[in-house]
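A short write-up of the structure that comes next.
The values are calculated or read from the model by the stated rules, or taken from the named source; none is laboratory data. On a predicted model such as this, the values are computed, not experimentally measured, just so you know. Here the Cβ is made from the backbone with ideal geometry for all residues, glycine too, and neighbour counts use every protein chain on show. Remember, those area values only see protein heavy atoms, side chains included, never the ligands or the DNA or RNA. Shrake-Rupley method; radii C 1.70, N 1.55, O 1.52, S 1.80 Å.
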Amino acid sequence: MLDHDKGVNLGVAPVTYGQGERPPRGDYASAREDYTCEQNWSAYTAQDHDLYRRLYERQAAQLDGLACNEFIEAVRHLGAPERIPRFDELSETLYQKTRWEVVAVPGLIPEEAFFGLLAKRKFPVTGWLRKPEEFDYIVEPDVFHDLFGHVPLLFNPIFADYMQAYGAGGLKASRLDACELLARLYWYTVEFGLINTPNGIRAYGAGILSSAGELRYSVRSQEPSRVGFDLQRIMRTRYKIDSYQATYFVIESFDELFEATSPDFTPIYKAVRQQPEIEAGAVVSSERLYIAA
Ligand code: PHE
Ligand code: CO
């Protein structure tokens, strides 16, 4: 147990995804029962802050014309790019705007813990930063992805409410054994969502906004399909975790996203289970496609 931990600490089991060959990078032994931990800000090195700044500046330089305005306007709330933000300071600003907070976690956490935090308007952010050799690509979310990708849109009141509803919906999906279907909704909206605007298609998904290459690809490339948001279509669609997406789903507004996901999913899960899955890149005839500018 580390001295910066307050209160009783039983430690929690680490979480690994995929083949499990990689050891978990975070310190799960010092996490609380809800998987949150101290950010331990003073442990970041000058090299960490410098790498964060380089990641931040690379992304910030390409937001114009590719990221949605809501994201661009809110990114300043992260504070100066020179330093990894202090989660407690950021939470103060965020709480005032949308009653959300940012909490530190050691890395990936179990689904139920993740849903539980979102339902309480606490967004879990990984404490550690990638290594310099992972500048272009990282397989697990780190502090840069979690903060830069996810936190700006939590300043948007509707998106903030969507995230809380997603958390509550996740707790329900766990009871209905439907987490896999619900995870596709997260993937194709929160991580890889596109939004149609008067100026053209823009990105709002965190996986896109924190990626050096996929930001431009997702908005501009002629390769992927861009399909109008359709809840059941999304729940049926597999996704790629090791390459750019083959299909993106486009919302017209955050209101549309919130409204379309507010009905009870219980009968929707049932309906989706009766239909075949759709491969990541497949295009279903008769669907509404957006053309990149
Ligand atoms: N309406 C969903 C349900 O009843 C909850 C939810 C809302 C899930 C928003 C995801 C996003 O399960
Ligand atoms: Co993410």
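Residues that are open to solvent by 20 Å² or more (accessible area, probe 1.4 Å) and within 14 Å of ligand 2 (Cβ to nearest atom) within segment 128-164 comprise 138, 139, 140, 141, 145, listed in sequence order. Once segment 187-198 is narrowed to residues that are in contact (Cβ under 8 Å) with a residue 12 or more places away in the chain and more than 12 Å from ligand 2 (Cβ to nearest atom), the residue that is surrounded by the fewest Cβ atoms within 10 Å (Cβ to Cβ) is 197.
Taking (1) within 15 Å of residue 163 (Cβ to Cβ); (2) open to solvent by 10 Å² or more (accessible area, probe 1.4 Å) in turn, residue 125 satisfies each apart from (2). Select from segment 219-263 the residues that are assigned to a loop (DSSP other than H, G, I, E, B) and basic (Lys, Arg) and write down the one among them that is farthest from residue 166 (Cα to Cα). Out of the qualifying residues, it is 240. When segment 91-113 is filtered for residues that are of a type in the set (A, V, I, L, M, F, W, C) and touching a Leu at 6+ places or on another chain (Cβ under 7 Å), the ones remaining, listed by number, are 94, 100, 102, 103.
If we keep just the residues of segment 234-290 that are aromatic (Phe, Trp, Tyr), closer than 17 Å to residue 201 by Cβ and open to solvent by less than 30 Å² (accessible area, probe 1.4 Å), which is nearest to ligand 1 (Cβ to nearest atom)? My answer is 254.
Scanning segment 165-186 for residues that are free of Cβ contacts under 8 Å to residues at least 60 places away in the same chain, within 16 Å of ligand 2 (Cβ to nearest atom) and under 14 Å from residue 113 (Cα atoms) gives 167, 170.
Residue-level check: of (1) within 15 Å of ligand 2 (Cβ to nearest atom); (2) surrounded by fewer than 20 Cβ atoms within 10 Å (Cβ to Cβ); (3) small (Gly, Ala, Ser), residue 203 misses just (2). Restricted to segment 81-102, and to residues there that are open to solvent by 60 Å² or more (accessible area, probe 1.4 Å) and out of contact with any helix residue (DSSP H, G or I) (no Cβ under 9 Å at 6 or more places or on another chain), the residue that is nearest to residue 137 (Cα to Cα) is 89.
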